[in-house]
Amino acid sequence: MTARQGDARHLPLPDASVDAVLLLGPLYHLAERADRVRALTEAARAVRPGGVVAAATINRYAAVHDSVYLGHYVDERQRQAAHKAMTNGIMLSPMRGFTAYLHEPDEVPGEFADAGLPEARRYGLEGAFHLYGDVNDWLDDPERRALMLDAQRSMECVPSLLGVSGHMLTIARRG
């Protein structure tokens, strides 16, 4: 396997030259929709027919969920930033200096389709379980981890639950 760092909007790859393109970060660092669609278009161009394009996104509601879970919601600046991100999708974290674009769950398939990747499937990666206080205890115990993962798999594509997951993975095949 070969991995390269670069600009997702301009991949230094020939057309149809790779089996898969993983966009595990670029879409939440590109605030403009046109740039995100351009990155997905580049991925579709570089992947061979039948190949997979997979992209990670951060959910629009993750900033509120995470700030409550981590105890930062009591900070006025953090609370305002999280609520503003729910409105416009731009998270400007006053505590960590983290800037990101946060997607509405229903927004991602449209970006894939506009890039020539119709029929994208979305998966909530954490579901609600990342908000549970004892999630690490469950993950550390093999039997409980298997049960939790089974529960998550049963709900990972339910549209009404996608917004509770901190991150989504969206996957499509090039036609």
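Output the qualifying pairs, or none if there are none: Cβ atoms under 7 angstrom, residues six or more apart or on different chains, first residue in the range 40-57 and more than 8 Å from Leu23 (Cα to Cα) and modelled with pLDDT of 95 or more, second residue open to solvent by less than 10 Å² (accessible area, probe 1.4 Å) and among the hydroxyl-bearing types (Ser, Thr, Tyr).
Listed by first residue and then by second, the contacts come to Thr57/Thr170.
I need the full set of residues from the range 77-95 which are open to solvent by 60 Å² or more (accessible area, probe 1.4 Å), within 27 Å of Leu40 (Cβ to Cβ) and either without any contact (Cβ under 8 Å) to a residue 24 or more places away in the chain or touching a His at 6+ places or on another chain (Cβ under 6 Å) (or both), in order please.
If the condition is that a residue be open to solvent by 60 Å² or more (accessible area, probe 1.4 Å), within 27 Å of Leu40 (Cβ to Cβ) and either without any contact (Cβ under 8 Å) to a residue 24 or more places away in the chain or touching a His at 6+ places or on another chain (Cβ under 6 Å) (or both), then Lys84, Thr87, Asn88, Leu92 are the ones that fit.
Within the bounds of the range 62-76, is there any residue that is touching a strand residue (DSSP E or B) at 6+ places or on another chain (Cβ under 7 Å) and under 23 Å from Leu125 (Cβ atoms)?
Yes, that holds for at least one residue.
Could you list, in sequence order, all residues of the range 1-44 that are small (Gly, Ala, Ser) and either outside any strand (DSSP E or B) or touching a Pro at 6+ places or on another chain (Cβ under 8 Å) (or both)?
Within the range 1-44, Ala3, Gly6, Ala8, Ala16, Ser17, Gly25, Ala31, Ala34, Ala39, Ala43, Ala44 meet the criteria.
Please go through the range 45-66 and pick out each residue that is in a strand (DSSP E or B), open to solvent by 60 Å² or more (accessible area, probe 1.4 Å) and touching a Gly at 6+ places or on another chain (Cβ under 8 Å).
Correct list: Pro49 only.
Of these, Tyr101, Tyr69, which one is open to solvent by 10 Å² or more (accessible area, probe 1.4 Å), assigned to a strand (DSSP E or B) and in contact with a Leu (Cβ under 8 Å, 6 or more places away or on another chain)?
Every option except Tyr101 fails the conditions.
The values are calculated or read from the model by the stated rules, or taken from the named source; none is laboratory data. Everything quoted here is computed from the prediction, not taken from an experiment. Don't worry about glycine lacking a Cβ; one is built from the backbone with ideal geometry, like all the others, and counts go over all protein chains shown. SASA here: full protein model, heavy atoms, side chains in, ligands and nucleic acids out. Shrake-Rupley method; radii C 1.70, N 1.55, O 1.52, S 1.80 Å.
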